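Here the structure comes first, spelled out in structure tokens, and everything after it is commentary.
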Amino acid sequence: RLADDVMVLHLKLPANERLQFLAGQYLEFLLRDGSRRSFSMGNAPHDDELIELHVRHVAGGQFTDHVFGKMKERDILRFEGPLGTFFLREDSVKPMVFVASGTGFAPIKSILQHALRKGFTRPMTLYWGGRRPKDLYMDALAKQWPIKYIPVVSDALPEDQWTWRTGFVHRAVMQDFPDLSGHQVYACGVPGMV
């Protein structure tokens with residue numbers, strides 16, 4: 001657990017199997033009742049020994065209640081993947097702006113780690129937003145990356161002693177970049193932010 005309501009889940013595939021995916025893609029768990037739950041990979045494609053997922057607990061959520069309350073090491077889960085068209089576009093030279101809220105950070109983390117490993121030199125700026133500082137559950141990691149990182153918190157309490165940006169993360173981006181037409185933007189999180 002990295003926060004009260006966020007857990008990083010590591011999955012190991014059967015022996016000698018690897019999931020080949022593009023940075024930013026997701027997988028879907030297949031539940032017994034036929035429903036599905038989607039989660040983006042948080043690890044970069046080169047770091048594929050384990051699949052890393054960032055799971056936020058949703059009260060009453062069938063799958064997340066199981067993950068946070070009943071799941072044990074070595075439980076078997078069924079999933080389908082990789083899926084999705086949200087992935088790093090490597091054929092551009094435009095500066096990149098990454099915008100994440102909450103666990104929308106997972107695919108952004110995958111993309112950033114992949115871009116850094118490939119030696120991208122174009123400018124990269126990451127905005128990561130949450131209600132409280134604890135929602136930025138991998139803040140220390142983001143601060144280590146050789147990119148411009150702007151954490152944004154909307155509902156900090158006095159005891160948080162928050163001294164960084166406040167408000168909504170997408171508004172911070174719009175203040176700093178009134179014209180994004182010359183940029184590649186990767187945004188993941190709550191629909192209102194995206």
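The values are calculated or read from the model by the stated rules, or taken from the named source; none is laboratory data. The structure displayed is predicted, hence computed values, not measured ones. Virtual Cβ from ideal backbone geometry, glycine too; neighbours counted across all protein chains shown. Side chains included, ligands, DNA and RNA excluded: accessible areas come from the protein's heavy atoms. Shrake-Rupley method; radii C 1.70, N 1.55, O 1.52, S 1.80 Å.
A run of the chain free of exposed loop cleavage sites, with GluC sites (Glu not before Pro) counted only in DSSP states other than H, G, I, E and B and at most 16 other beta carbons within 10 Å, reaches its longest extent at 91-194.
Along region 107-117 the Karplus relation, 6.51 cos²θ - 1.76 cosθ + 1.60 evaluated at θ = phi - 60°, assigns HN-Hα couplings of x, 5, 4, 4, 5, 4, 5, 5, 4, 5, 5 Hz to successive residues, with x for each Gly and Pro.
Once all protein chains are placed together, D75 keeps about 60 Å² accessible to a 1.4 angstrom probe.
Taking amide H atoms as placed 1.01 Å from N in the peptide plane, the amide H of V185 lies under 5 Å from those of V97, each 5 or more residues away in sequence or on another chain. Between amide H atoms placed 1.01 Å from N, distances below 5 Å from H57 occur with V6, M7, all of them 5 or more places distant or on a separate chain.
Karplus-derived 3J(HN,Hα) values for region 144-150, using 6.51 cos²θ - 1.76 cosθ + 1.60 with θ = phi - 60°, are 7, 5, x, 9, 7, 10, 10 Hz; glycine and proline are entered as x.
Note on the chain: lysine pairs with Cα distance below 17 Å, sequence gap of 8 or more or different chains, count 7. Restricting the calculation to Cα atoms, region 1-156 shows an Rg/Rh of 0.97 when the hydrodynamic-style radius is the Kirkwood one. 3J(HN,Hα) couplings calculated from phi for region 84-93 with the Karplus curve 6.51 cos²θ - 1.76 cosθ + 1.60 (θ = phi - 60°) are, in sequence order, x, 10, 8, 8, 5, 8, 8, 8, 10, 10 Hz; Gly and Pro show x. Only helical runs count toward this figure. For the chain, summing -39,500 (n - 2.57) over DSSP H runs of n ≥ 4 and dividing by all residues gives -5000 deg cm²/dmol at 222 nm. Computed over neighbours whose Cβ is under 14 Å from that of Y186, the net charge equals +3, Lys and Arg +1, Asp and Glu -1.
The label point for E80 and the one for V194, both projected 7 Å from the Cα toward the Cβ, are 1.9 nm apart. Projecting the Cα atoms of S92, A142, F79 onto the charge dipole of region 69-166, computed from C-beta unit charges around the Cα centre, puts S92 farthest toward the positive end. The calculated P(r) of region 1-93, using every Cα pair and 10 Å bins from 0, goes 14, 47, 31, 6, 1 in percent.
If we count trypsin sites (Lys or Arg not before Pro) as exposed when they sit in a DSSP loop and have at most 15 other beta carbons within 10 Å, what is the longest stretch of the chain that avoids them all? The longest such stretch corresponds to 132-194. Each DSSP beta bridge with both residues in the chain is either parallel or antiparallel, and the antiparallel ones are about 45%. Note on surface exposure: W164, W145, W128 rank W164, W145, W128 by accessible area, highest first, 1.4 Å probe. Rounded to the nearest 20 debye, the dipole size of the chain about its Cα centre is 120 debye, using +1 on the Cβ of Lys and Arg and -1 on the Cβ of Asp and Glu. Backbone amide hydrogens, once placed in the peptide plane, bring I150 within less than 5 Å of L126, Y127, W128, excluding anything fewer than 5 places away on its chain. Each of V169, H114, A3 was placed along the dipole of the chain (beta-carbon charges, centred on the mean Cα), and the one lying farthest toward the positive end is H114.
Dipole of the chain computed with +1 at Lys/Arg Cβ and -1 at Asp/Glu Cβ about the Cα centre; of L13, P178, G130, farthest Cα towards the positive end is P178. Taking every alpha-carbon pair under 8 Å whose residues sit at least 6 apart, the chain reaches a relative contact order of 22 percent.
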